[in-house]
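Working notes, beginning with the structure itself.
The values are calculated or read from the model by the stated rules, or taken from the named source; none is laboratory data. Quantities reported herein were computed from a predicted structural model and do not represent experimental measurements. For neighbour counting, all protein chains shown are included, and Cβ atoms are generated from backbone atoms with ideal geometry for every residue, glycine included.
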Amino acid sequence: MNLEEYISSGLIESCVLGLASPEELEEFEKMCASHEVVREARKRFELSLEMQLLESTAKPPVELKERVLNGLENSGLKPSRGNHAPKAQALTPLPGSVWLRYAAAACLVLLLGSTGLNIYFFTQYKAYIFKYDQLLGSQTQMLQASQAMQTKLGDYQASLDLMRDPSMTVVKMPGTAPHPGSLTTVYWDSRSKDVYLLINQLPQPAADKQYQLWALVDGRPVDAGVFDLDSPSLVKMKNIPLAQAFAVTLEKRGGSNKPTMEAMYVMGKVAG
Amino acid sequence: MSIPATYSEEQLVLALKNRDRQAFGYLYDHYSAALYTIIRQILRDPDRSDDVLQEVFTNIWRKIETYDPEKGRIFTWMLNIARNASIDTLRSKDFRQARQNQELSETVDFRMESRAVQPNFDHIGLRKALEGLRPEYREVIELAYYKGYTHEEIADSAKIPLGTVKTRIRSALIQLRAHLRQT
């Protein structure tokens, strides 16, 4: 393609209007650089295009000019006279973007810190929950033990009060001949006729057996109730209005109607 | 300080590269209507055209250092910035969605009424020169210049060979040159 053909091919116009391919544009720039006639053809087309477009009567809204000019301050380039270093300007980021970048970095640091603290606090929290459970357990145990102690103490207090009562008739019941080590004591309220038994010493009975207290009224045995050995203090028995003596026999569990005389462990006479 | 009423192209470029705001004001007064026309003809949306015109002048101000007078006139350089910005907007997702919504709702735009005194953008500037072209030439210029389609895209959509697209565009441009105002 000679120069004339190139000039009249439409390539110049397509390059000026931005419709050419990169290869065509590159060739066009070479042609312009080396051929005055191509440059002139380009300038002719540019000028006629410019004339065509500049005759436009469609002006943008009046207020837009102020917006555009004010926008320049915000575009990051301070308008001033004199030479500028374009590279430095190109490398200067927008103030907004610098601020945003720092803010983003700060946010990231805060996030990491917060995550770390969260992990730390969660670990601490788990440890404290464990310790709290332990404490709760031991506190419950102590409370139970304390309640048991109080119950026992109340029992002892009540027993002691009964024993201390001056109106109590005390009947010591030593062991019979086959059971010399055994001993129980009856505390018999002379006013209410209530009977309380203190087990000083009795052998542990078989599981199906239970001790039974008897009152001897005019030579006749009267049932005063059964008892177990695990009671630590006075055991309240049946009310006995009148008796000359008390005895304990070992009977089948639940007690008998008549005492088994061979299994009598202790006996004591009421004084007076 | 004297205020020149007009600048020669060399004076203007020099002043702009020195970040002369007065020269920039002159640039705006002198060229904004022509650039605005192209933007409106591509976008067909008054509000977005305002935004794009502002963007274009901001870019001119920021990129003036990269303008090389050896490669063409400053108007050509600005015209390409305006056309590229418009086509980028035209092809942006939010613009296409907004356009679709507008077409669907058919709402009355009161701002449009206030602009009714403006000339019809279809019959001024480059479009006016295109009116003298044969329909198939007008069509390829419409697709290539105003819609920003590549030659391949035009060949695909119009179902004509790529080579035909290229020759048709060049022929159209040769015709266009004859219809432009002659200096």
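Every listed requirement among (1) under 30 Å from A:MET31 (Cα atoms); (2) surrounded by fewer than 20 Cβ atoms within 10 Å (Cβ to Cβ); (3) facing another protein chain (nearest Cβ under 9 Å); (4) free of Cβ contacts under 8 Å to residues at least 24 places away in the same chain is met by B:GLN11 save one, (3). Of the residues examined, B:LEU143 is one that is within 18 Å of B:ARG83 (Cα to Cα), surrounded by fewer than 20 Cβ atoms within 10 Å (Cβ to Cβ), more than 8 Å from chain A (Cβ to nearest Cβ) and in contact with a helix residue (DSSP H, G or I) (Cβ under 9 Å, 6 or more places away or on another chain).
The set of residues in segment B:31-42 being closer than 17 Å to B:ASN59 by Cβ and not polar (S, T, N, Q) consists of B:TYR31, B:ALA34, B:LEU35, B:TYR36, B:ILE38, B:ILE39, B:ILE42. Is there a residue in segment A:223-234 that is aromatic (Phe, Trp, Tyr) and either touching a residue at least 40 places away in the same chain (Cβ under 8 Å) or in contact with a helix residue (DSSP H, G or I) (Cβ under 9 Å, 6 or more places away or on another chain) (or both)? Scanning segment A:223-234 turns up no residue that is aromatic (Phe, Trp, Tyr) and either touching a residue at least 40 places away in the same chain (Cβ under 8 Å) or in contact with a helix residue (DSSP H, G or I) (Cβ under 9 Å, 6 or more places away or on another chain) (or both). Looking across segment B:98-143 at every residue that is part of a loop (DSSP other than H, G, I, E, B) and modelled with pLDDT of 80 or more, the one that is nearest to A:LEU54 (Cα to Cα) is identified as B:ILE124.
Among the conditions (1) touching a strand residue (DSSP E or B) at 6+ places or on another chain (Cβ under 8 Å); (2) surrounded by 14 or more Cβ atoms within 10 Å (Cβ to Cβ), the only one that A:VAL217 does not satisfy is (1). For B:ALA34, the conditions (1) part of a helix (DSSP H, G or I); (2) more than 23 Å from A:PRO61 (Cβ to Cβ); (3) in contact with a Ser or Thr (Cβ under 8 Å, 6 or more places away or on another chain) are fulfilled apart from (2). A:PHE246 meets the conditions (1) at pLDDT 90 or above; (2) among the aromatic types (Phe, Trp, Tyr); (3) under 54 Å from the mean Cα position of the chain (by Cα) in every case but one. The failed one is (3). Within the option set A:ALA206, A:ALA224, being aliphatic (A, V, I, L, M), within 29 Å of A:LYS152 (Cβ to Cβ) and part of a loop (DSSP other than H, G, I, E, B) holds for one residue only, A:ALA206. Could we say that B:ARG40 is more than 19 Å from the chain's Cα centre (by Cα), facing chain A (nearest Cβ under 9 Å) and buried (at least 20 other Cβ atoms within 10 Å of the Cβ) here? Criteria not met by B:ARG40.
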